[in-house]
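J.: Just passing along the structure, written as structure tokens.
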Amino acid sequence: MGIGFAIPSDTVQYVVSQLMRFGKVRRPWMGATLQPLPNSALGMLVVSVAPGSPADQAGLHPGDLIAAINGRPVHRVRDVIDVLEHAQVGGRIRIQVLRGNTKLWLSLVLKELPSSSQKKSAS
């Protein structure tokens, strides 16, 4: 049929190294549900925080606004995904949060994204 596709080489290298080290691909996880705001210049709204998650342990709260991660402004979901795609499980990220009129910096240690079966057994 003549169908083809391309995978970026850095993605292939990441997946291969994860498979060789762990036998699976480990994805970093924050444990917060975010929502873009109508005025995306403000950042992303934290809608919920999973109990016991890295976001919970770092002190992130529903209603917080995430303005930046690792010094990079956050305006849309893709900005957060870009940071997580280049982070490692066990790695630390710094989150600039606006809580009311207060600007905070939280340090968050990423955990491995739970599998579907782990999520079901935890609830």
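The values are calculated or read from the model by the stated rules, or taken from the named source; none is laboratory data. As the structure is a computational prediction, the values presented were derived from the model and not from experiment. All Cβ positions, even for glycine, are placed from backbone atoms using ideal geometry, and neighbour counts span all protein chains on display.
J.: Taking Arg72 as the residue in question, decide whether it is within 11 Å of Ile95 (Cβ to Cβ) and either free of Cβ contacts under 8 Å to residues at least 12 places away in the same chain or surrounded by 21 or more Cβ atoms within 10 Å (Cβ to Cβ) (or both).
T.: Considered against the rule, which asks whether it is within 11 Å of Ile95 (Cβ to Cβ) and either free of Cβ contacts under 8 Å to residues at least 12 places away in the same chain or surrounded by 21 or more Cβ atoms within 10 Å (Cβ to Cβ) (or both), Arg72 comes out as yes.
J.: I'd like the residue in region 34-61 that is surrounded by 15 or more Cβ atoms within 10 Å (Cβ to Cβ), within 20 Å of Arg78 (Cβ to Cβ) and among the aliphatic types (A, V, I, L, M) and, out of all such residues, is modelled with the lowest pLDDT.
T.: Leu42
J.: Would you be able to say whether some residue in region 14-26 is surrounded by 12 or more Cβ atoms within 10 Å (Cβ to Cβ) and either in a loop (DSSP other than H, G, I, E, B) or modelled with pLDDT of 90 or more (or both)?
T.: yes
J.: Would a scan of region 101-121 turn up a residue that is exposed (fewer than 13 other Cβ atoms within 10 Å of the Cβ) and of a type in the set (Val, Ile, Thr)?
T.: For region 101-121, residues exposed (fewer than 13 other Cβ atoms within 10 Å of the Cβ) and of a type in the set (Val, Ile, Thr): present.
J.: Run down Gly90, Gly43 and say which single residue is more than 30 Å from Ser17 (Cβ to Cβ), of a type in the set (Gly, Ala, Ser) and under 15 Å from the mean Cα position of the chain (by Cα). Working first, answer last.
T.: Details: Gly90 fails: more than 30 Å from Ser17 (Cβ to Cβ).
Sole residue among the options that is more than 30 Å from Ser17 (Cβ to Cβ), of a type in the set (Gly, Ala, Ser) and under 15 Å from the mean Cα position of the chain (by Cα): Gly43.
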